[in-house]
Amino acid sequence: MILLTGAAGFIGYRIAKELQKQGIPFVSVDRLEAFQSRPEHRDVRHTRVYPPEAMLNGLPVGITAIVHMGASSSTTEMRVDYLKQVNVDYSKALWNFARGLNIPFVYASSAATYGAGEEGYDDDESKMKFLKPLNPYGMSKLEFDLWALDEDRAGRAPPAWSGFKFFNVYGYGERHKQKQASVVIQGFDQIRDKGELRLFKSHKSGIADGEQKRDFIYVQDVVAATLFALQKPIRRGIFNLGTGLARSFQDLAKATFQAMGMPANITFIDTPVEIRDRYQYFTQATMDRLKAEGYTRSFTSLEDGVAQTVSDLKTLGR
């Protein structure tokens, strides 16, 4: 019986859907109102649902593993105390429960921990203490990563544990994220409503508008790797989870137009001043360590992932 936090969130919902498909029993943790207000998530049957705060007093009986996807994922969240509470302290509590019950623990970290990439995008754990996130969200994720590594070195870890630095995840099921949703979802709406897609201009010398690059990874690839870590299980460690190939926002936009059967019509707008200094211009995961754990599944191409996302949006009408 898996305890899945963030079950009403984007990636958590897709993990819940896959667990349901495979017939693996799970308990869902998230805000009750989130399950009720997100129509795109209603194809998952949650047999038991708990609010996050209920877990602070102990886990339900019979839990054999924890998959912790529940956190604030907003890169524009500036409330440091709030992020510490929900992203750091809550994660520590679940880690300690997993340790006490002697069960596996898998959790979501973030590529936001890499900041502007001054130290590269290598998931070598010895380098993580030198990373410089660009925003409080990235700092909160890094704080827990470093705490987990310290606990592991001190011999205070669950029997199997793994954290994943998710890069730019996209796919169906993220509409509730609104302005924090991927460019695929926002672009789909813009193209459908206005026949154009807006991208941020570059404010960095040497990088053309739309040539900012990210490691875009399709959500189902994230689900597959997460469940691999749990089912193998991976004994320990923090790993990148991207495709290993950076693609431009221009590529993403053109793939969206192509999937919608429309000619590309891209408009460039200024990056908002409030996020301009915290904007990542390039991310690309090194994937050697996860592959060394035996994960050999190939990743979905950007074009195929975008096409599937657009198809889901059209078919499901949300």
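Quick look at the values:
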| item | result |
| --- | --- |
| Dimensions (Å) - the range 1-80, Cα atoms, principal axes, largest first | 39, 31, 18 |
| Relative contact order %, the range 1-130, counting alpha carbon pairs below 8 Å whose residues are six or more apart | 25 percent |
| Degrees, to the nearest 10: 183-194 long Cα axis against longest axis of the chain | 40 degrees |
| Cα-projected label distance for residue 53 with residue 268, points at 7 Å along beta-carbon direction, nm | 4.8 nm |
| 0 to 90° range, to nearest 10: angle between helix 90-101 axis and the chain longest Cα axis | 40 degrees |
| Nonlocal amide H pairs with residue 107, under 5 Å, H built at 1.01 Å | 68, 162, 163, 164 |
| For residue 268, residues with placed amide H under 5 Å, excluding near neighbours | 199 |
| For the range 108-160 versus the range 281-295, the gap between their alpha-carbon centres in whole angstrom | 15 Å |
| Computed lengthening from residue 119 to residue 178, 0.36 nm per intervening residue step minus Cα-Cα distance | 18.1 nm |
| Violating pairs (Cα-Cα greater than 21 angstrom) within the set 165/204; 127/291; 17/254 | 165/204; 17/254 |
| Cα-only radius of gyration and Dmax that characterise the chain, units Å | 19.0, 57 |
| Efficiency of FRET between residue 153 and residue 93 - r from beta-carbon atoms, R0 22 angstrom, step 0.05 | 0.65 |
| Long-range tail of P(r) for the range 69-150 (Cα pairs > 16 Å, %) | 50 percent |
| The chain: relative contact order as a whole-number percent, Cα under 8 Å and 6+ apart | 18 percent |
| Residue 64-residue 235 pseudo-label distance in nm [points 7 Å out on the Cα-to-Cβ vector] | 2.2 nm |
| Degrees, to the nearest 10: 136-153 long Cα axis against longest axis of the chain | 30 degrees |
| Spatial separation of Cα centroids for the range 28-51 and the range 161-175, in angstrom | 18 Å |
| Estimated 222 nm signal from helices in the chain, with DSSP H stretches of n ≥ 4 weighted -39500 (n - 2.57), rounded to 500 | -10500 deg cm²/dmol |
| Share of Cα-Cα pairs in the range 1-148 lying beyond 22 Å, as whole percent | 43 percent |
| HN-Hα J in Hz across the range 295-300 - Karplus 6.51, -1.76, 1.60, θ = phi - 60°, x for Gly and Pro | 8, 10, 5, 6, 9, 5 |
| GNM top mover of 168, 265, 57 - the chain, alpha-carbon springs below 10 Å | 57 |
| Amide H contacts under 5 Å for residue 27, placed H, 5+ residues apart | 2, 3, 4 |
| Inter-label distance for residue 84 and residue 314, nm, one decimal - labels placed 7 Å from Cα along Cα-to-Cβ | 5.0 nm |
| Selected from 271, 113, 243 as most flexible by GNM, with the chain as the system and alpha-carbon contacts under 10 Å | 271 |
| HN-Hα J in Hz across the range 56-72 - Karplus 6.51, -1.76, 1.60, θ = phi - 60°, x for Gly and Pro | 5, 9, x, 8, x, 5, x, 6, 10, 6, 10, 10, 9, 10, x, 5, 6 |
| Cβ-based charge dipole, the chain, positive-most Cα from 135, 116, 169 | 169 |
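Read the figures in this text as sums done on the coordinates, not as results from a lab. Computed from a prediction, not measured in an experiment: that's the story for all the values here. Reconstructed Cβ throughout: ideal geometry from the backbone, glycine too, with neighbour counts over all protein chains shown.
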